[in-house]
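Chemist: Input: one structure, supplied below.
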Ligand SMILES: Nc1ncnc2c1ncn2[C@@H]1O[C@H](COP(=O)(O)OP(=O)(O)O)[C@@H](O)[C@H]1O
Ligand SMILES: [Mg+2]
């Protein structure tokens, strides 16, 4: 074997050093790769921990904010994890298991909008509505839900609003809806006192107040007006409501033949209307009311006869309104002696009221009666049954509330807890239901504006 030359030795040394260096580099790179791998896993763990909503539903609070500012991978994971929780709450993802339960009462307020569907048990085609991440802003009071299982049932959502308000602690209403989405909006609370604004009065319509859901003036067209029972505990705003209604009567007085105002409290309520207009009369004595009711029955019969004769509907020239505040004062006869004249007159009055209730509408006669309690003491069942519309202020007793509305759970507000000046309007003919906040009318504001 020949001896390597000095150059060859030097070359070999150089190669060995280079190989060592490469080996070192490889080790370093391996270490770096391992370190990077750990870091990815740690990030992944962190991400999982931030969005493991099924283990910790409270983490949904702030999910929307996280969704907006996080990296693309986490952004994808957030709704996925949320949908996973929603489906786990509907049915178990393990065969034979139970759906996941969430303690709604103790759920973080910020997490509640996400689980509204399960809270209300509002399933559509076996899915819960989901809060839309792109179109919602819980902090600004805007929540859009996407309903994937079928069409949005707006009526059902409306019925749930009282429960929504209670759980979210706010005043929410439906802002808009499409076939598959529904948007809720948090309204600023209406002021306790809304002063009456004459600009709300409109030709051909009766203005009641502000619709709490739409925040717009609420109207009933005069030609759709039906006999109405106004009821509610004393001091909740019935008489004020009548004054507001009377402003529309006065504004539209050309459509009326006459407006009869009867007050069961000795005339206090309507004193301010005495002499206000030739078509407006006020009464407070029971005997006057007995005569008035009999007169109205005669008018009704004459109008009905004329219609039959001419074969036409509505031959009358104008409406006749009979408004009785505190009907309870006239409901029972003071004298229980059936043979007394007083008793007989009262009996005739009650019969006349029934006639007017049953057949007055086609003759243009409208009854508006207020009572405190919708009970036999304040208004006989017979008379109550001929008044298809109700304007109910607070009725604290469930029994009273159900006697007017039947099923309470389907109403847009709980009539047992309604605040002063708020009333639930239900028109059984048009099936309209609305919660109305009445403006307040001071005693000097009775006449129409010049
Ligand atoms: N819409 C309203 N907004 C604010 N306060 C009202 C409203 N309606 C009535 N009030 C207040 O409540 C009091 C009682 O109202 P009233 O109409 O006489 O009730 P009711 O006839 O049901 O006994 C009024 O004197 C008024 O101060
Ligand atoms: Mg009153």
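Just so it is clear, none of the values below were taken in a lab; they were calculated from the coordinates. What you see is a predicted model; the values in this text were computed from it and never measured. Here the Cβ positions follow ideal geometry from the backbone for every residue, glycine too, while neighbour counts run over all protein chains shown.
Chemist: If you build a Gaussian network model of the chain, linking Cα atoms that sit under 10 Å apart, which residue out of 228, 282, 299 swings the most?
Modeler: 299
Chemist: What FRET efficiency comes out for residue 68 versus residue 34 if R0 is 41 angstrom and r is the Cβ-Cβ distance? Round to the nearest 0.05.
Modeler: Details: r = 34 Å, r/R0 = 0.83.
Step by step, r from the Cβ atoms, then E = 0.75.
Chemist: Give the distance, in whole Å, between the Cα centre of region 227-256 and the Cα centre of region 62-77.
Modeler: 54 Å
Chemist: For a test of the definition: using alpha carbon positions, the gyration tensor, and the 1.5 limit on a/c, classify region 59-111 as rounded, prolate or oblate. Display every interim value, and only then the final one.
Modeler: On the way: a/c = 4.61, a/b = 1.48, b/c = 3.12.
The shape class here is oblate.
Chemist: Also, I was wondering about something else. Test of understanding: express the Cα radius of gyration of the chain as a ratio to 2.2 N^0.38 Å, with N the residue count. Walk me through the numbers before you get to the answer.
Modeler: Numbers: Rg = 35.8 Å, N = 450, 2.2 N^0.38 = 22.4 Å.
Here the Cα radius of gyration is 1.60 times the empirical estimate.
Chemist: Once the Cα gyration tensor of region 120-237 is found, what semi-axes does its equivalent ellipsoid get, as square roots of 5 times the eigenvalues, in whole Å, sorted largest first?
Modeler: On the way: eigenvalues 206, 60, 45 Å².
Rounded to whole Å, the semi-axes are 32, 17, 15.
Chemist: Ok, one more. Could you grab the Rg to Rh ratio for region 4-93? Cα atoms only, Kirkwood for Rh.
Modeler: Working: Rg = 25.6 Å, Rh = 17.2 Å.
Result for region 4-93 is an Rg/Rh of 1.49.
Chemist: Using only Cα atoms, find the angle between the long axis of helix 154-168 and the longest principal axis of the chain, and express it within 0 to 90 degrees, rounded to the nearest 10.
Modeler: Long axis of 154-168 versus the principal axis of the chain: about 70 degrees.
Chemist: What FRET efficiency would be calculated for the residue pair residue 76, residue 203, taking the C-beta separation as r and a Förster radius of 51 Å, to the nearest 0.05? Please report the intermediate quantities before stating the final value.
Modeler: Details: r = 57 Å, r/R0 = 1.12.
It comes out at approximately 0.35.
Chemist: If each DSSP helix of 4+ residues adds -39,500 (n - 2.57) and the sum is divided by the residues in the chain, what number results at 222 nm, nearest 500 deg cm²/dmol?
Modeler: Details: 11 runs with 167 residues, N = 450.
Roughly -12000 deg cm²/dmol at 222 nm, from the helical runs in the chain.
Chemist: Taking 0.36 nm per residue of sequence separation and subtracting the Cα-Cα distance, how much length would be gained by fully extending the chain between residue 180 and residue 254, in nm to one decimal? Numbers along the way, then the final one.
Modeler: On the way: separation 74, 0.36 × 74 = 26.64 nm, distance 4.64 nm.
The residue 180-residue 254 span can extend by a further 22.0 nm.
Chemist: Counting alpha carbon pairs within less than 8 Å and at least 6 residues apart, what relative contact order, in whole percent, applies to region 5-126?
Modeler: Details: 69 pairs, mean separation 25.3, N = 122.
This gives 21 percent for region 5-126.
Chemist: Follow-up question, since we're still on this one. Running Debye on region 198-437 with equal point scatterers at the Cα sites and no solvent, what base-10 log of I(q)/I(0) appears at q = 0.07, 0.08, 0.10 Å⁻¹?
Modeler: Per q value, in the given order, log10 I(q)/I(0) is -0.22, -0.29, -0.45.
Chemist: Among 55, 115, 387, determine the one that fluctuates most according to a GNM of the chain built with springs between C-alpha atoms less than 10 Å apart.
Modeler: Of 55, 115, 387, the most mobile in the Gaussian network model is 55.
Chemist: Ratio to report: Rg/Rh of region 238-363, with Cα atoms as the point set and Rh obtained by the Kirkwood method; give two decimals. Mind dumping the intermediate values first?
Modeler: Numbers: Rg = 15.5 Å, Rh = 15.6 Å.
My calculation puts Rg/Rh at 0.99.
Chemist: What FRET efficiency would be calculated for the residue pair residue 52, residue 419, taking the C-beta separation as r and a Förster radius of 60 Å, to the nearest 0.05?
Modeler: The value I calculate is 0.90.
Chemist: State the three equivalent ellipsoid semi-axes of region 352-450, derived from the C-alpha gyration tensor as the square roots of 5 times its eigenvalues, in descending order and whole Å.
Modeler: Numbers: eigenvalues 96, 92, 38 Å².
Output for region 352-450: semi-axes of 22, 21, 14 Å.
Chemist: Further question: Where both partners of a DSSP beta bridge lie in the chain, what percent of those bridges are antiparallel, to the nearest 5?
Modeler: Here the antiparallel bridges make up roughly 55 percent for the chain.
Chemist: If the chain between residue 334 and residue 348 were fully stretched, how many nm would it gain, using 0.36 nm times the residue separation less the Cα-Cα distance?
Modeler: On the way: separation 14, 0.36 × 14 = 5.04 nm, distance 1.45 nm.
Working it through step by step, the gained length comes to 3.6 nm.
Chemist: Calculate the spin-label point distance for residue 148 paired with residue 271, positioning each point 7 Å from the Cα along the beta-carbon direction, and give it in nanometres.
Modeler: Between residue 271 and residue 148, the label points sit 6.7 nm apart.
Chemist: Can you tell me which of 24, 260, 291 moves the most in a GNM of the chain? Springs connect C-alpha atoms under 10 Å apart.
Modeler: Looking only at 24, 260, 291, the largest GNM fluctuation is found for 24.
Chemist: Evaluate Rg over Rh across region 57-186, taking Cα atoms for both radii and Kirkwood's formula for Rh. Write down the numbers at each step before the final one.
Modeler: Values: Rg = 14.2 Å, Rh = 15.1 Å.
Taking Rg over the Kirkwood Rh, I get 0.94.
Chemist: Below 8 Å, C-alpha to C-alpha, sequence gap of six or more: please give me the relative contact order for region 57-186 in percent.
Modeler: Numbers: 180 pairs, mean separation 25.3, N = 130.
This gives 19 percent for region 57-186.
Chemist: Looking at region 198-437, what % of its DSSP beta bridges pair antiparallel, to the nearest 5?
Modeler: Numbers: 17 of 41 bridges.
If I count the DSSP bridges inside region 198-437, around 40 percent turn out antiparallel.
Chemist: I want to verify the translational diffusion coefficient of region 197-245 in µm²/s; compute it with Stokes-Einstein, Rh as the Kirkwood radius over Cα pairs, at 10 °C and 1.306 mPa s.
Modeler: Working: Rh = 12.0 Å.
Answer from the Stokes-Einstein relation: 132 µm²/s.
Chemist: Specify whether the C-alpha gyration tensor of region 125-179 places it in the rounded, prolate or oblate class, a ≥ b ≥ c being the square roots of the eigenvalues: rounded for a/c under 1.5, otherwise prolate if a/b is larger than b/c and oblate if not. Don't skip to the end; give the middle numbers.
Modeler: Values: a/c = 1.80, a/b = 1.23, b/c = 1.46.
In terms of gyration-tensor shape, oblate.
Chemist: Shifting gears a bit: Suppose a student asked you for the relative contact order of region 219-312, using Cα pairs under 8 Å spaced at least 6 residues apart; what percent would you report? Working shown, then result.
Modeler: Values: 52 pairs, mean separation 16.2, N = 94.
Rounded, it is 17 percent for region 219-312.
Chemist: Give me the angle, in degrees from 0 to 90, between the Cα long axis of helix 72-90 and the longest principal axis of the Cα atoms of the chain, rounded to the nearest 10.
Modeler: 50 degrees
Chemist: While we're on this one: Subtracting the Cα-Cα distance from 0.36 nm times the residue separation, let me have the gained length for residue 304 to residue 163 in nm, one decimal. Spell out each step's value before the answer.
Modeler: Values: separation 141, 0.36 × 141 = 50.76 nm, distance 4.73 nm.
Between residue 304 and residue 163, full extension yields 46.0 nm more.
Chemist: If we count other beta carbons within 10 Å of each Cβ, what is the order of 130, 215, fewest first?
Modeler: Least crowded to most crowded, the residues run 215, 130.
Chemist: Still on this model: Along Cα→Cβ, 7 Å out, is where each label goes; now give me the distance between the ones at residue 83 and residue 98 in nm to one decimal.
Modeler: Between residue 83 and residue 98, the simple spin-label model gives 2.8 nm.
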